[in-house]
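*Asks:* Just dropping this structure here.
The values are calculated or read from the model by the stated rules, or taken from the named source; none is laboratory data. Quantities reported herein were computed from a predicted structural model and do not represent experimental measurements. Glycine gets a Cβ as well: all are built from the backbone with ideal geometry, and neighbour counts include every protein chain shown. Calculation scope for accessible area: heavy atoms of the full protein, side chains included, ligands and nucleic acids excluded. Shrake-Rupley method; radii C 1.70, N 1.55, O 1.52, S 1.80 Å.
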Amino acid sequence: MPRRMFISRAALALVVLAATLSGCGQSTPSTNSAQKVTLRLGYLTRVTHASALVGIDKGLFAKNLGPDVTLDAKAFGQGTEEATALLAGQLDAAYVGPNPAFNAWQKSNGTAIKIVSGSASGGTTLVVKPGIQNAQDLRGKTLADPALGGTQDVSLRSWLKENGLQTNPQGGGDVFIKPTKPESAIIPAFTANQIDGAIESAPYDVQLVKAGGVPLWSDPGTITILVVRQEFLQAHPDVVSGLLKGQVEANDFIHENPDAAAQAANAALAGALGKGLEPDVLSASFQETTFTNDPGAASLNDQVHKAVSVGLLDPLSLDGIFDLHLLNDILKGSGKPQVDA
């Protein structure tokens, strides 16, 4: 009898141990959404970030993230500032231009971020004073852009180089380039004849044209991507999946209801900036921008080459920077074409 009691207690202990281990196995993915999580999301106050603007205003991110995730959306003025915040662990994800993302990847030796989706392409134009008809007319002129090393800055310097005009990071060369902060200050500088033109993304390029400028060259490449800190992606893939579902729905809304989407984006801009865009600027900004979940790997690799060629990036491989499996699961589940890295 005592022996049978000993065996029974041992069996009971094994059952308790198995149940404990089983419970541990279920909670290990700090990844499950039963945890309370805050997602710190960065975006820029540009129409080329309308995937984020619409997702925020229409509640598409909040809906797909669920009640256990708090969305803390932060507006930034420059992608270079977002990259700094990502590297400092102050953001978990960000809608950002390609070149700030490349810099974050390079500075962290490939450990900081992953590109999990595209967002937008195009929507970027070099606008100049009337009478400037080609690149050669820019020799000795002063052009502005949002930030040294930003996507527009690299695009401008590369285009000038392709046309035989040299620049340098100090602002000298055949064409003087003046990074300008805040970005909105470029418009009054243009109207005051302090600059001869600027490369800008929507809505600022549209505002330059409205101020009397003439489009000289447009960049069709990827302008906005969605990146996530690797640590956050590993810990909370379900949260990132919810964010991506919200973005896919936001881009669907933009394509299916462009007027309503423009108004939603404008409402988000008004919330961040205190006022929205004029109707004609808003409409033209949406028309020149393509919103897509595809990051455009070929375009991104081309932009790396451009940044290296103008001395704003050390030679860099993008091998390993993409993690598109969550996005492709969502696209496949909704019957949409998947994207490649």
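*Asks:* Name the single residue that is nearest to F286 (Cα to Cα) among those in the stretch 94-113 being in a helix (DSSP H, G or I) and not aromatic (F, W, Y).
*Replies:* If we take residues in the stretch 94-113 being in a helix (DSSP H, G or I) and not aromatic (F, W, Y), then P98 is nearest to F286 (Cα to Cα).
*Asks:* Only one of (1) open to solvent by 20 Å² or more (accessible area, probe 1.4 Å); (2) touching a Gly at 6+ places or on another chain (Cβ under 6 Å) is not met by S283, so which one is it?
*Replies:* (2)
Residue-by-condition table, conditions (1) more than 13 Å from S201 (Cβ to Cβ); (2) in contact (Cβ under 8 Å) with a residue 24 or more places away in the chain:
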residue	(1), (2)
N99	no, yes
S108	yes, no
T111	yes, yes
I115	yes, yes
S119	no, yes
T124	no, yes
K129	yes, yes
I132	yes, yes
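*Asks:* Assess whether I132 counts as being over 22 Å from P215 (Cβ atoms) and either in contact with a Pro (Cβ under 6 Å, 6 or more places away or on another chain) or of a type in the set (V, I, T) (or both).
*Replies:* No: the conditions fail for I132.
Table: residues versus (1) open to solvent by 30 Å² or more (accessible area, probe 1.4 Å); (2) outside the structural domain of L269 (by the TED database); (3) part of a helix (DSSP H, G or I).
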site	(1), (2), (3)
P130	yes, yes, no
P188	yes, yes, yes
N193	yes, yes, no
I199	no, yes, no
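*Asks:* Please pick out the residue among S184, S155 that is within 23 Å of F76 (Cβ to Cβ), among the polar types (S, T, N, Q), at pLDDT below 95 and assigned to a helix (DSSP H, G or I).
*Replies:* Just a single option satisfies the conditions, and that option is S184.
*Asks:* Let me ask something else about it. Filter the stretch 153-186 down to residues that are surrounded by fewer than 19 Cβ atoms within 10 Å (Cβ to Cβ) and aliphatic (A, V, I, L, M), then give me how many there are.
*Replies:* The total comes to 2.
*Asks:* Also, I was wondering about something else. For T289, only one of the following conditions fails: (1) under 16 Å from the mean Cα position of the chain (by Cα); (2) surrounded by fewer than 19 Cβ atoms within 10 Å (Cβ to Cβ); (3) among the hydroxyl-bearing types (S, T, Y). What is its number?
*Replies:* So T289 meets the others, but not (2).
*Asks:* So, one more: What number of residues within the stretch 65-91 satisfy the criterion of being in contact (Cβ under 8 Å) with a residue 40 or more places away in the chain and over 22 Å from G149 (Cα atoms)?
*Replies:* 3
*Asks:* Working only within the stretch 51-93, note down all residues that are more than 30 Å from N301 (Cα to Cα), open to solvent by 40 Å² or more (accessible area, probe 1.4 Å), outside any strand (DSSP E or B) and of a type in the set (A, V, I, L, M, F, W, C).
*Replies:* Hit for the stretch 51-93 is A62, nothing else.
*Asks:* Right, another one. Does the stretch 230-244 include one or more residues that are farther than 24 Å from D72 by Cβ, open to solvent by 30 Å² or more (accessible area, probe 1.4 Å), touching a residue at least 40 places away in the same chain (Cβ under 8 Å) and not acidic (D, E)?
*Replies:* For the stretch 230-244, residues farther than 24 Å from D72 by Cβ, open to solvent by 30 Å² or more (accessible area, probe 1.4 Å), touching a residue at least 40 places away in the same chain (Cβ under 8 Å) and not acidic (D, E): absent.
*Asks:* Could you identify the single residue in G55, G59, G42 that is on the phi > 0 side of the Ramachandran plot and modelled with pLDDT of 95 or more?
*Replies:* Result: G59 is the single residue among G55, G59, G42 that is on the phi > 0 side of the Ramachandran plot and modelled with pLDDT of 95 or more.
*Asks:* Could I ask something else about it? Can you say whether V116 is assigned to a helix (DSSP H, G or I), open to solvent by less than 20 Å² (accessible area, probe 1.4 Å) and of a type in the set (V, I, T), as far as the supplied structure shows?
*Replies:* no
*Asks:* All but one of (1) without any contact (Cβ under 8 Å) to a residue 40 or more places away in the chain; (2) assigned to a helix (DSSP H, G or I); (3) over 26 Å from the mean Cα position of the chain (by Cα) hold for Q170; which doesn't?
*Replies:* All conditions pass for Q170, except number (2).
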